[in-house]
Amino acid sequence: MSARKVAIIAEVEQGKTHPAIVDLAALAARLAENESVEVCWLAVGSNAADAGDALSGSTGYSAIALEIPCEVPPTGELLSEVLQPFLGDMQPDVIALLHTSRSQDYAATLAVRFDAAYVSGVQGLVVQDGGPIFQRAVLGGKYMAGVKADDRPVVLTVLPGYFKFEGNGSHSAEMETQQPSLPVTRTRLIEIKESATEAALTQASTVVAAGRGIGSEDNLDLLSRLAALFPKSAVAGSRIVCDAGWLPYHRQVGVTGATVAPELYLACGISGAFQHLAGMSGSRFVVAINIDPHAAIFNAADVGVVEDLNTFLPLLIEAIEKNGLDTDER
Amino acid sequence: MRILVCIKRIPDLETMTFPDIPPKSPANFTCEGTPWRMNRYDEYAVEAALRLRETHGASRIDALTVGDQDAGDVLRRAIGMGVDHGVHIQKTREMFPSPFTIGELITAYAREKAYDVILCGVMSEDLMQGGVGPIIAGLLKWPCLTAIHTMNDKEEGRVLRCEREVEGGRQEVLEVRLPALLTIQSGIHTPRYPALSKLLRANQYPLEVLPSASLSTPTDRQRVCAITPPEKVRAGVMMEGTAESKAHQLSKLFHAKGLC
Ligand SMILES: Cc1cc2nc3c(=O)[nH]c(=O)nc-3n(C[C@H](O)[C@H](O)[C@H](O)COP(=O)(O)OP(=O)(O)OC[C@H]3O[C@@H](n4cnc5c(N)ncnc54)[C@H](O)[C@@H]3O)c2cc1C
Ligand SMILES: Nc1ncnc2c1ncn2[C@@H]1O[C@H](COP(=O)(O)O)[C@@H](O)[C@H]1O
């Protein structure tokens with residue numbers, strides 16, 4: 001049987017890629033556990049050759065760099081137009097992309113174009129004889145769905161942080177650079193505005209995070225009182241809490257908000273969607289309080305407490321205050 | 001301007017009771033007794049469509065759902081919010097349909113209708129794919145912009161200026177020449193509540209009902225073959241005891257770790 005082909009797409013901006021892009025090599029290596037697999041990077045964007053060199057050098061997989069000279073990152077539409085002829089020549093069985101805001105714009109278009117299946121938000125992989133099964137979260141992260149392609153290629157968008165490439169990074173592999181012709185597109189990126197993430201949040205030792213489960217804006221008071229018991233603390237929120245206007249958007253933790261890595265992350269009434277976990281998974285110690293014993297957040301916590309916040313938070317505040325007194329007296 | 005909004009009816013995750021061990025076959029995964037409602041991101045999509053009409057004027061907004069016999073209620077809610085017309089593509093209930101099945105059915109309906117804009121939610125809360133919208137765009141060969149929270153008409157309905165929040169909270173401003181498909185993220189414009197008078201009218205409104213078989217025979221391309229509990233990425237030790245005891249244990253833990 002001939003080798004299965006895996007194409008990994010790396011979006012490049014002035015020679016730089018997302019730090020997690022190299023981890024897609026680990027997914028390719030997993031696919032190779034059961035059959036022979038041939039892997040090729042497609043680095044696409046401005047100064048793509050630099051990125052292509054780095055990726056092929058560290059993984060030992062060949063690379064094609066597709067140069068798109070431009071100031072702002074290319075739109076998803078432009079990327080898909082540029083990639084299509086190369087993917088058409090290559091005929092890959094798997095096209096892997098990182099799950100990013102940009103890739104969401106065009107990954108499905110590639111699937112349609114190549115008559116492929118489409119699995120977004122891949123977090124895991126089961127390799128078996130009948131073909132790979134790709135795992136993704138469903139139902140608020142309470143379950144994983146295993147998805148299988150029906151005898152055809154598959155396009156994947158892979159969540160950062162779930163695969164880890166641990167190669168030693170001194171291979172030699174082929175790298176070629178191409179100057180693709182640029183099509184006229186209907187989308188244009190006008191500008192990217194920087195965010196106003198607060199240092200108080202990203203540098204906090206303790207982050208007390210409010211989810212929709214706090215129930216009302218009034219309960220933020222309880223969270224602030226709780227946070228005040230910890231030195232260098234900050235109150236943050238899930239997207240839903242910020243959408244509701246209970247906290248400003250620069251207090252949002254998650255993929256489209258701040259990334260925090262405090263000593264303690266106290267998740268209050270947060271369900272544990274992967275978009276939220278992306279912003280706090282680097283925390284040293286995670287405690288989750290949630291009324292629902294099945295909440296996904298408990299799988300990403302060191303300690304879990306199944307309680308109603310309305311009754312539990314006052315008890316917790318009281319206990320910490322008392323305990324503080326006990327130790328002071330000693 | 002002609003606008004189509006795609007709306008999904010989903011089981012309410014909040015009240016849904018979940019089995020500890022999911023059934024072996026995903027086909028047996030049911031949610032009997034769970035109330036169903038409109039996908040939250042689709043409410044935002046309806047709101048975005050209504051706002052586009054308010055600024056642009058002279059627009060018609062259709063709402064469409066693919067779902068079983070009961071799914072029409074989300075269309076009535078959309079009409080109650082201000083949508084002009086509801087299209088119900090009837091299909092037997094399936095918990096985990098392929099996004100291509102849904103995408104192909106919607107495309108089959110939309111293809112000849114000369115829509116300028118198709119709006120979807122950024123994802124369905126139950127399947128969390130963000131797949132159906134981009135697949136429709138791919139099938140129609142339209143450009144697609146995902147996770148948009150704000151959009152404004154430019155050049156009298158020929159171009160939309162859109163904003164979205166990307167990694168790290170940065171804001172991207174993009175423009176797209178129509179026709180285009182956008183997926184709508186929650187955010188600034190809170191969806192309006194349907195007015196009671198409009199809801200009463202919506203209940204009388206004759207929905208356009210089409211059996212899915214009359215539109216096309218989609219190829220699934222893929223299937224959900226297993227539903228499993230997620231793996232733990234941390235210890236996830238669950239505290240036992242009364243609420244008071246848990247509060248005490250936590251407090252001791254924080255002190256022991258020198259956290260407070
Ligand atoms: C493109 C995109 C980007 C996104 N980016 C982000 C992001 O950056 N950050 C982010 O947070 N989200 C993000 N999201 C949204 C994410 O998918 C979830 O919708 C969100 O994180 C859920 O917030 P939540 O946990 O507060 O609310 P829910 O999911 O509604 O969970 C509420 C929880 O509270 C619990 N609860 C209810 N009542 C009580 C009570 N009395 N006591 C205790 N617990 C209770 C419930 O059991 C439930 O688990 C993004 C989504 C998309 C599509
Ligand atoms: N059965 C359906 N009927 C109508 N629209 C749908 C359906 N399923 C998904 N959609 C649309 O596609 C979006 C994304 O869904 P998903 O790809 O399942 O995450 C939803 O927010 C809806 O706008």
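Derivation of every value follows stated rules applied to the coordinates shown; laboratory data play no part. Not measured: the values here are computed from a predicted model. Cβ sites come from the backbone with ideal geometry, for glycine too, and all protein chains shown count toward neighbours.
Compared with the direct C-alpha span, the chain from B:GLU112 to B:VAL166 gains 16.1 nm at full extension, assuming 0.36 nm per residue.
Taking the longest Cα principal axis of chain B as reference, the axis of helix B:40-56 is set at about 40 degrees.
Report the FRET efficiency, 1/(1 + (r/R0)^6), for B:ASP70 and A:LYS232, where r is their Cβ-Cβ distance and R0 is 41 Å, rounded to 0.05.
Once rounded, the FRET efficiency stands at 0.20.
Once you list every other residue whose beta carbon is under 15 Å from the beta carbon of A:ALA204, what net charge do they have if Lys and Arg are +1 and Asp and Glu are -1? Charge balance in the 15 Å sphere: +1. For A:SER36 and A:LYS16, what does the FRET efficiency come to when R0 = 30 Å and r is the distance between their Cβ atoms, rounded to the nearest 0.05? After rounding to 0.05, the efficiency reads 0.40.
Counting neighbouring beta carbons within 10 Å and listing from fewest to most, the residues B:LYS24, A:LYS142 come out as B:LYS24, A:LYS142. Highest mobility in the GNM of chain A, judged by mean-square fluctuation with C-alpha springs under 10 Å and restricted to A:ILE95, A:ILE68, A:ILE291, is found for A:ILE291.
Over the residues of the protein assembly as shown, the helix contribution to mean residue ellipticity at 222 nm works out to -8000 deg cm²/dmol, using -39500 (n - 2.57) for each DSSP H run of at least 4. Helix A:76-90 and the longest principal axis of the Cα set of chain A meet at an angle near 50°.
Our note on the geometry: Cα centres of region A:277-303 and region B:75-139, 33 Å apart. Quick one: compute the contact order of chain A, relative version, from alpha carbon pairs under 8 angstrom and 6+ residues apart, as a percent. Dividing the mean separation by the residue count of chain A yields 14 percent. Sorted fewest first by neighbouring Cβ atoms within 10 angstrom, A:TYR265, B:TYR109 come out as B:TYR109, A:TYR265.
For region B:29-34, backbone phi angles converted through the Karplus equation (6.51, -1.76, 1.60; θ = phi - 60°) give residue-by-residue couplings of 7, 10, 9, 4, x, 8 Hz, Gly and Pro being listed as x. According to the calculation over all Cα-Cα pairs in chain A, the P(r) per 10 Å bin from zero is 6, 23, 27, 22, 14, 6, 2, 0 %. Counting every pair of alpha carbons in region B:54-118, the share spaced more than 13 Å apart comes to 67 percent. Using only the Cα atoms of the protein assembly as shown, build the gyration tensor, take square roots of its eigenvalues as a ≥ b ≥ c, and label the shape rounded, prolate or oblate: rounded if a/c is under 1.5, else prolate if a/b is larger than b/c, else oblate. Because a/c hits 1.5 or more and a/b fails to exceed b/c, the protein assembly as shown counts as oblate. Close amide-amide hydrogen proximity is noted between A:ASP308 and no other residue 5 or more places distant or on a separate chain, at a cut-off under 5 Å (H modeled in the peptide plane; Pro and chain starts excluded). Put simply, the amide H of A:PHE285, placed in the peptide plane, has neighbours under 5 Å in A:LEU264, A:TYR265, leaving out anything fewer than 5 places away on its chain. Average 1/r across all pairs of distinct alpha carbons in region A:196-329, invert it, and you get the Kirkwood radius: 14.6 Å. In this simple spin-label model, placing a label point 7 Å from the Cα along the Cα-to-Cβ direction at both B:ASP20 and A:GLU71 gives a separation of 6.1 nm. Can you tell me the FRET efficiency between B:ALA27 and B:THR219 if r is taken as the Cβ-Cβ distance and R0 is 22 Å, rounded to the nearest 0.05? Calculated value: 0.75.
Between B:GLU208 and B:ALA195, the simple label model (points 7 Å from Cα in the Cβ direction) yields a spacing of 2.5 nm.
For the protein assembly as shown, a crude dipole built from +1 on the beta carbon of Lys and Arg and -1 on the beta carbon of Asp and Glu, taken about the Cα centre, is about 880 debye to the nearest 20.
Bridgeable lysines around A:LYS322 (alpha carbons under 23 Å apart, same-chain partners fewer than 8 residues away excluded): A:LYS232, B:LYS246, B:LYS252, B:LYS257.
Neighbour counts of other Cβ atoms within 10 Å put A:ASP221, B:ASP153 in the fewest-to-most order A:ASP221, B:ASP153. Simple rule: put +1 on each Lys or Arg Cβ and -1 on each Asp or Glu Cβ in the protein assembly as shown, find the dipole, and look at B:LEU139, B:ILE106, A:ALA295; the Cα lying farthest toward the positive end is B:ILE106. Obtain the nm distance between the two label points defined at B:GLU244 and B:THR34 by a simple spin-label model: each point lies 7 Å from its Cα along the Cα-to-C-beta direction. For the pair B:GLU244/B:THR34, the computed spacing is 3.8 nm. Cα centroids of region A:27-88 and region B:174-201: 36 Å apart. Pairwise alpha-carbon distances in region A:5-178 exceed 24 Å for 30% of all pairs.
Build a GNM of chain B with springs between Cα atoms under 10 Å apart, and of B:THR55, B:THR242, B:THR101 the one that fluctuates most is B:THR242. In region B:154-184, whose amide N lies under 12 Å from the spot 7 Å out along Cα-to-Cβ of A:GLU191? List them in ranges. The answer is B:171-174.
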